[in-house]
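Trainee: Let me give you the structure first, and then I'll get to my questions.
The values are calculated or read from the model by the stated rules, or taken from the named source; none is laboratory data. Worth saying up front: this structure is predicted, and the values here are computed from it rather than measured. Here the Cβ is made from the backbone with ideal geometry for all residues, glycine too, and neighbour counts use every protein chain on show. SASA here: full protein model, heavy atoms, side chains in, ligands and nucleic acids out. Shrake-Rupley method; radii C 1.70, N 1.55, O 1.52, S 1.80 Å.
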Amino acid sequence: QVQLVESGGGLVQPGGSLRLSCTASRSILSFYGMGWYRQAPGKQRELVASISVTSNTNYADSVKGRFTISRDNTKNTVYLQMNSLKPEDTAVYYCNNMGITKWNWGQGTQVTVSS
C-alpha cells in the first residue's frame, strides 16, 4: 500500500504564498495522474488541481491563475505552488492519485490564510 505524506502548510496572510509537497512511500507516482484536494471545515473534499503522467494540468476555477501543480518523478513528489492566497483557501490539503481507486489518504497539511 502506498503512503502519502503532505507537508508545507502553515499560517499565511492574505496575498501570501506557500508551496506544498506530497511524497509517496514507493516509487510509483510517475505511473499515475495525481491531484491535490482540499477540505475546509464543514465542507466536502474537493479537487483543486491535477497533473497527468504527461504533466498536463487542470485547475478548479477557484484557484486558476493562482495555483500551480507540478511533479518531480525523480523525487517521487508532487508540488502545489499557491500564490495570492485568500481566506477561502483555508483548508486541509491532501494529495492522491486521480484514479477511481484511491490510496489511503495521508494526514494532510493545514493551510490557514488569515490576517
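Trainee: Taking the stated definitions as given, is Lys102 in contact with a strand residue (DSSP E or B) (Cβ under 8 Å, 6 or more places away or on another chain), of a type outside the set (Asp, Glu) and part of a loop (DSSP other than H, G, I, E, B)?
Mentor: Yes: the conditions hold for Lys102.
Trainee: All but one of (1) within 24 Å of Ser30 (Cα to Cα); (2) surrounded by fewer than 19 Cβ atoms within 10 Å (Cβ to Cβ); (3) under 12 Å from the mean Cα position of the chain (by Cα); (4) of a type outside the set (Asp, Glu) hold for Ile69; state the number of the condition that does not hold.
Mentor: Unmet condition: (2).
Trainee: Right, Thr74: out of contact with any Gly (no Cβ under 7 Å at 6 or more places or on another chain), farther than 30 Å from Ser115 by Cα and not in a loop (DSSP other than H, G, I, E, B) or not?
Mentor: yes
Trainee: Looking at the range 25-47 only, could you name the residues that are within 13 Å of the chain's Cα centre (by Cα) and within 20 Å of Asn76 (Cα to Cα)?
Mentor: Gly33, Met34, Gly35, Trp36, Tyr37
Trainee: From the list Val113, Val2, which one is touching a Lys or Arg at 6+ places or on another chain (Cβ under 8 Å), open to solvent by less than 80 Å² (accessible area, probe 1.4 Å) and modelled with pLDDT of 95 or more?
Mentor: Within the list Val113, Val2, the selection yields Val113.
Trainee: Could you check the range 72-99 and list, in sequence order, the residues that are among the aliphatic types (A, V, I, L, M), farther than 17 Å from Asn58 by Cβ and surrounded by fewer than 21 Cβ atoms within 10 Å (Cβ to Cβ)?
Mentor: Across the range 72-99, the qualifying residue is only Val92.
Conditions (1) open to solvent by less than 60 Å² (accessible area, probe 1.4 Å); (2) not in a loop (DSSP other than H, G, I, E, B), marked per residue:
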residue: Leu11; (1), (2): no, yes
residue: Arg26; (1), (2): no, no
residue: Gly35; (1), (2): yes, yes
residue: Leu47; (1), (2): no, yes
residue: Ser55; (1), (2): no, no
